[in-house]
1. Using a/c under 1.5 as the rounded threshold, could you call the range 1-44 rounded, prolate or oblate? The axes a ≥ b ≥ c are square roots of the C-alpha gyration tensor eigenvalues, and prolate needs a/b larger than b/c, oblate otherwise.
2. Give me the number: length gained by fully extending Ala114 to Lys30, i.e. 0.36 nm times residue separation minus the C-alpha to C-alpha distance, one decimal in nm.
3. Which of the listed residues, Val13, Phe89, Ala73, is farthest toward the dipole's positive end in the range 1-93, when Lys, Arg count +1 and Asp, Glu count -1 at the beta-carbon?
Amino acid sequence: MSQLYVAVLAIIVAVLLAVAIYRATRVKTKADYLVAGRSLPAFVLVLTLLTSWIGAGSLFAGAENAYKNGFAALWQPAGGWLGLLLIYFIAPRARKFAQFTLPDLLEARYNQTARVLELSPSYSPTSESPAINSKAAETSCTSSSPTP
């Protein structure tokens, strides 16, 4: 590896480490860490949601869908845009609860049971798991073809 590459990587690591240490000294509470102290304006939050929603996978899949299905593919992201619009109107009410996650909101509004019920689909054995899917694929592949 060239010394230039090593030097550039060392500079990048040093800058990232310096920024991380500086920002870590400014974090005082759980809210500072999890939700930036609840100080970000709405447009920053919307852009944050957009960047987490729109990634390379959705861009390529959207382009493929548009190629295969034509103009009808423009409706594919409509649900996401409607969801963002809905979140824009719900967010001020949710912010009044001063909670961090959806289970926290449900527990504050209802009770501990609502929190557990909201989390239960995440832990159900029917949720997609790479280990379960790979084992199922392995079983179906080996059982359908005879071994010579």
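1. Values: a/c = 5.19, a/b = 2.52, b/c = 2.06.
Here the range 1-44 falls in the prolate category.
2. Length difference between fully extended and current span is 27.9 nm.
3. Result: Phe89.
Bear in mind these aren't lab numbers, they're just calculated from the coordinates by the rules spelled out. Keep in mind the model is a prediction, meaning the values are calculated, not measured. Every residue, glycine among them, receives a Cβ derived from its backbone with ideal geometry; neighbour counts consider all protein chains shown.
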